[in-house]
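Colleague: Sending over a structure as structure tokens; questions will come in a sec.
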């Protein structure tokens, strides 16, 4: 879908681990003159624990609850921001509704092979601990791809564009110079 928003509100960068949400989000926020929020980093700062620690101590369900609350708090912000969501934020229908009602979702799409290469060996990704990275990336892609597509106002293939070109693509979609 590529319907240009008349008022983009918050710009949500969604997509799988390794798609480039933070890499693209920082320069995008600078160009839009908006604050950049990385939800995963904010959860780490708020809890004082790494995401793998949260998963190990509290479980994925509790992490997802923290993620949902963080998203709700960010959506309530009056100043439009650029928000890099966690890859699993789309697993919750209320989260998807918050995103689509509060702003514009940009799906940063990277094939599982590319995402797996980018995130291989990253100990801060609890869903990858003790598993084959490529196989897990394929599994996550299979279950999450339709969810990303369902909320995306625009899709950017990050395996085909350099980060600076991806930023330009998003700015053009948003109608920003």
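Colleague: Can we say residue 99 is part of a strand (DSSP E or B) and either closer than 18 Å to residue 23 by Cβ or touching a residue at least 60 places away in the same chain (Cβ under 8 Å) (or both)?
Modeller: On the way: part of a strand (DSSP E or B): no; either closer than 18 Å to residue 23 by Cβ or touching a residue at least 60 places away in the same chain (Cβ under 8 Å) (or both): yes.
It is false that residue 99 is part of a strand (DSSP E or B) and either closer than 18 Å to residue 23 by Cβ or touching a residue at least 60 places away in the same chain (Cβ under 8 Å) (or both).
Colleague: Continuing with this model, one more query. Looking at (1) within 21 Å of residue 150 (Cβ to Cβ); (2) at pLDDT 95 or above, which one does residue 20 not meet, given that it meets all the others?
Modeller: That leaves (2) as the condition not met.
Colleague: Here is a further query. For the stretch 32-54, how many residues meet the condition of being under 17 Å from the mean Cα position of the chain (by Cα), free of Cβ contacts under 8 Å to residues at least 60 places away in the same chain and assigned to a helix (DSSP H, G or I)? Quick ask: steps written out before the conclusion?
Modeller: Taking the stretch 32-54 as the starting set, the residues that turn out to be under 17 Å from the mean Cα position of the chain (by Cα) are 34-44, 51.
Okay, now just the ones that are also free of Cβ contacts under 8 Å to residues at least 60 places away in the same chain, so 34-44.
Now restrict to residues that are assigned to a helix (DSSP H, G or I): 39-44.
Summing the residues that are under 17 Å from the mean Cα position of the chain (by Cα), free of Cβ contacts under 8 Å to residues at least 60 places away in the same chain and assigned to a helix (DSSP H, G or I) in the stretch 32-54 gives 6.
Colleague: Output yes when any residue across the stretch 109-125 is at pLDDT 90 or above, closer than 17 Å to residue 11 by Cβ and part of a helix (DSSP H, G or I), and no when none is.
Modeller: Looking for residues that are at pLDDT 90 or above, closer than 17 Å to residue 11 by Cβ and part of a helix (DSSP H, G or I), one finds none in the stretch 109-125, hence no.
The values are calculated or read from the model by the stated rules, or taken from the named source; none is laboratory data. No experiment lies behind these values; they were computed from the predicted model shown. Note that each Cβ is placed from the backbone with ideal geometry, even for glycine, and that neighbours are counted across all protein chains shown.
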